[in-house]
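> Please find one structure pasted underneath; my questions will follow.
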């Protein structure tokens, strides 16, 4: 299987090198490694010099702008070209972090028809992908996961076969596009262009079935949103007394494309089984974000944003370069010029802006009371360790609060250290009453502290029973329930997102009511294993 995938990748590289602008570009899904390095070396050796972009690169560097020094020296606006103006080939590392705004601007560049983009998608999770608007403008897709550089082969010609006429070629591509639930017209055009390029590489003037099958695998199938319908069953034999076909009522029905069905089956055989299962369950997941904390705009630190016009009020910071750029084109009208002081008006003032992305803190509040505490704590240990394994990519911190007996204890302060977490989780005690209100109060306090440190907290409560211990440590079920409701409302008023997991043997209606007061979903999970809990938390807090 790896040999077939490598052969497909090599042919894709040769096709892109032959027609980079016509094919739009390549969406390369691969983590940094020897396989990606070897493939990019094979590809870039046949392509012109490329401009290496960055997801956080500003518009001035990408698209150019006013050259401040030259403008002031000559007394007239002088524009400076950006990276995109100087290069026909663009390479975008860490493309899964591309913002929608940058994706829209790069999409406009590709729509011009004279640029090509190689997007290096290094996403670790299935939902870490490029924005769909940008993916739709790149004709090719490859996934190098599991391949080794040592197995990289030379280009091998495709087997000869009967040539397809233009009408048959277009008809089969349109039929397959509809069968796979692809709404974009670009995908069909890219498929046709790739099939023609593949035939040119092998010295054929006409496209063969092998060329079309290759183009379908690279340009069409990765964008499928549904499983193709099952082929219709063969019609029953016509009775002897039935009228001939030309005498039957109604117009003749359209006949299916048998060749297209054969090509579709051959192409589907090359798909990974996980993609087939995703298509069977529904649409392919699209990128919804990086999974990190919320973004905030400020004027002190973070990723630079385009400056904005404004007034200096003692808090905002002046963007001197942007201010001079705004004032430079008006110098002659204001009586200035070469060698004269720059005349700056209030309308020229530009203020700095930054965007910071805060870390996210997952606070686990775990019911460690009762006879089933040990089983639940074991499940939480596994869930926390699974979440921490993803923390480096998602920038999540994890904290653990256990409530049992008469109080709640912070057993694990916010951390991303997997080694420390395993050590702290190794000996969690259990037993006693259920001071749920104390657990919620401790969670609210920790969430408040985390926000003071610039983090975005979220609370996950895991319990299987009703509260029976008050905040004062007394056994009174009615008072404990009222206090737990008050603490839940406190979390909701503080706008702390959360999730309540009902781990009892049967769902408890009182916990659903408490979750509603908390403003969080309640998920019955009577037999929660670590992987189920991880998926539940990820879906609820996405």
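Read-outs throughout are calculated quantities, based only on the coordinates presented, and are distinct from any laboratory measurement. Note that the structure is a prediction, hence the values are computed from the model and not measured. Positions of Cβ are backbone-derived with ideal geometry, glycine not excepted, and every protein chain shown enters the neighbour counts.
> Kirkwood hydrodynamic radius, computed over distinct alpha-carbon pairs, for the range 1-145: how many Å, to one decimal?
For the range 1-145, inverting the mean 1/r across all distinct Cα pairs yields 16.1 Å.
> May I pose another question? With a 10 Å radius around each residue's Cβ, average the other Cβ atoms per peptide and rank 70-78, 154-162, 493-501, highest first.
Descending mean neighbour count gives 493-501, 70-78, 154-162.
> Have a look at the DSSP beta bridges in the range 2-217 and tell me what percent are antiparallel, nearest 5.
Details: 3 of 19 bridges.
Counting only bridges with both partners in the range 2-217, antiparallel ones make up about 15 percent.
> If packing is taken as the average number of other Cβ atoms within 10 Å across a peptide's residues, how do 18-29, 180-191, 335-346 rank, most packed first?
Descending mean neighbour count gives 18-29, 180-191, 335-346.
> Using label points projected 7 Å from each Cα along Cα→Cβ, tell me how many nm separate residue 156 and residue 85, to one decimal.
Those two pseudo-labels are separated by 4.8 nm.
> Sticking with this one: Taking the mean number of other Cβ atoms within 10 Å as a proxy for protection, how do you rank 4-10, 81-87 from highest to lowest?
Top to bottom by mean Cβ count within 10 Å: 4-10, 81-87.
> Give me the extension gain from residue 133 to residue 477: residue separation times 0.36 nm, minus the current Cα-Cα distance, reported in nm with one decimal.
Contour length minus the Cα-Cα distance gives 118.3 nm.
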